[in-house]
1. Would you confirm whether any residue within the range 132-139 is modelled with pLDDT of 80 or more and surrounded by 21 or more Cβ atoms within 10 Å (Cβ to Cβ)?
2. For LYS94, which of the numbered conditions (1) at pLDDT 75 or above; (2) of a type in the set (D, E, K, R); (3) open to solvent by 30 Å² or more (accessible area, probe 1.4 Å); (4) over 22 Å from THR159 (Cβ atoms) fails to hold?
3. Could you count how many residues in the range 76-88 are over 8 Å from the mean Cα position of the chain (by Cα) and either surrounded by fewer than 19 Cβ atoms within 10 Å (Cβ to Cβ) or closer than 14 Å to ALA24 by Cα (or both)?
4. With respect to ALA78, is the statement that it is among the aliphatic types (A, V, I, L, M), closer than 30 Å to ASP34 by Cβ and in contact (Cβ under 8 Å) with a residue 40 or more places away in the chain true?
5. Take the residues of the range 160-199 that are part of a loop (DSSP other than H, G, I, E, B) and surrounded by 16 or more Cβ atoms within 10 Å (Cβ to Cβ): which is modelled with the lowest pLDDT?
6. Could you list all residues from the range 15-67 that are of a type in the set (Lys, Arg) and either surrounded by 14 or more Cβ atoms within 10 Å (Cβ to Cβ) or on the phi > 0 side of the Ramachandran plot (or both)?
Amino acid sequence: MECDRSLASTALGFALGGLAFAAATFTVSDATPDRMIEPKWYAAGAAAIAGLFVLAAVRLACPKALRFGSLWRGSEAACIAVCTTQAAMFFMQKAGLAESYGRFTAGSFDNVAGLASCLAIGLPMGAEWMRSGKPLRRITVAACKAVCIAAIAASGSRTGLLCVAAWALAEMPWRPKAKAAAAAGVAALGDSPGRRNKD
């Protein structure tokens with residue numbers, strides 16, 4: 001029964017988290033003055049409010065049904081999935097297999113800084129699985145993070161590269177000197193002349 005509740009909570013967290021993250025990244029509407037940004041705010045807000053109502057209803061109907069640790073893990077998985085999908089969209093646009101939404105090749109965003117910031121959100125997610133999860137789970141999460149980092153690098157966004165450096169400093173199991181060297185290298189790359197016009 002405990003396993004069933006944990007699995008149900010994880011699935012609910014994945015569904016609600018996926019709805020909120022997808023709404024916050026993929027929503028575009030020509031009916032608003034700013035077709036790229038405003039719809040994302042509205043959709044993310046509506047999804048978050050709907051999710052809170054669902055959680056409150058489940059909590060009231062069956063107080064012992066929810067496991068908030070499992071809910072969070074499900075939300076983490078949803079965030080990683082959405083970020084990886086966004087990175088895949090960006091690579092498809094770069095390859096000419098999908099049309100760009102705005103003036104730039106930036107997934108469903110209007111600039112590379114927005115894309116890179118979105119992808120960087122997924123980097124800290126799944127840290128527990130990377131450290132102590134099952135091998136298949138660790139490989140899957142690592143592959144998703146690698147795709148996101150590759151997309152950030154390909155976008156040329158200094159914002160994204162600095163986010164990768166900050167994440168490496170905080171999370172990667174390297175020695176302090178190695179962390180500092182990696183962060184300095186990424187920061188130098190982000191400030192290179194060829195990237196100074198990138199956000």
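1. If we filter the range 132-139 for residues that are modelled with pLDDT of 80 or more, which is where we start, we get 135-139.
Those still in the list that are surrounded by 21 or more Cβ atoms within 10 Å (Cβ to Cβ) too: none.
So far as the range 132-139 goes, no, none of its residues is modelled with pLDDT of 80 or more and surrounded by 21 or more Cβ atoms within 10 Å (Cβ to Cβ).
2. Checking LYS94 against (1) at pLDDT 75 or above; (2) of a type in the set (D, E, K, R); (3) open to solvent by 30 Å² or more (accessible area, probe 1.4 Å); (4) over 22 Å from THR159 (Cβ atoms), the one that fails is (4).
3. Within the range 76-88, the subset over 8 Å from the mean Cα position of the chain (by Cα) is 76-78, 85-88.
With the extra rule that they be either surrounded by fewer than 19 Cβ atoms within 10 Å (Cβ to Cβ) or closer than 14 Å to ALA24 by Cα (or both), the set shrinks to 78, 85-86, 88.
Residues meeting the conditions: 4.
4. On the way: among the aliphatic types (A, V, I, L, M): yes; closer than 30 Å to ASP34 by Cβ: yes; in contact (Cβ under 8 Å) with a residue 40 or more places away in the chain: yes.
In short, yes.
5. To start, the set of residues in the range 160-199 that are part of a loop (DSSP other than H, G, I, E, B) comprises 172-175, 191-192, 196-199.
Still in the list and also surrounded by 16 or more Cβ atoms within 10 Å (Cβ to Cβ): 198-199.
Values: LYS198: 52, ASP199: 55.
Residue satisfying both the conditions and the ranking: LYS198.
6. Filtering the range 15-67 for residues of a type in the set (Lys, Arg) gives 35, 40, 59, 64, 67.
Once the filter is applied, which keeps residues that are of a type in the set (Lys, Arg) and either surrounded by 14 or more Cβ atoms within 10 Å (Cβ to Cβ) or on the phi > 0 side of the Ramachandran plot (or both), the range 15-67 yields ARG35, LYS40, ARG67.
The values are calculated or read from the model by the stated rules, or taken from the named source; none is laboratory data. Here the structure is a predicted model, which means the values were calculated and not measured. Cβ: placed from backbone, ideal geometry, glycine included. Neighbour counts: every protein chain shown. Calculation scope for accessible area: heavy atoms of the full protein, side chains included, ligands and nucleic acids excluded. Shrake-Rupley method; radii C 1.70, N 1.55, O 1.52, S 1.80 Å.
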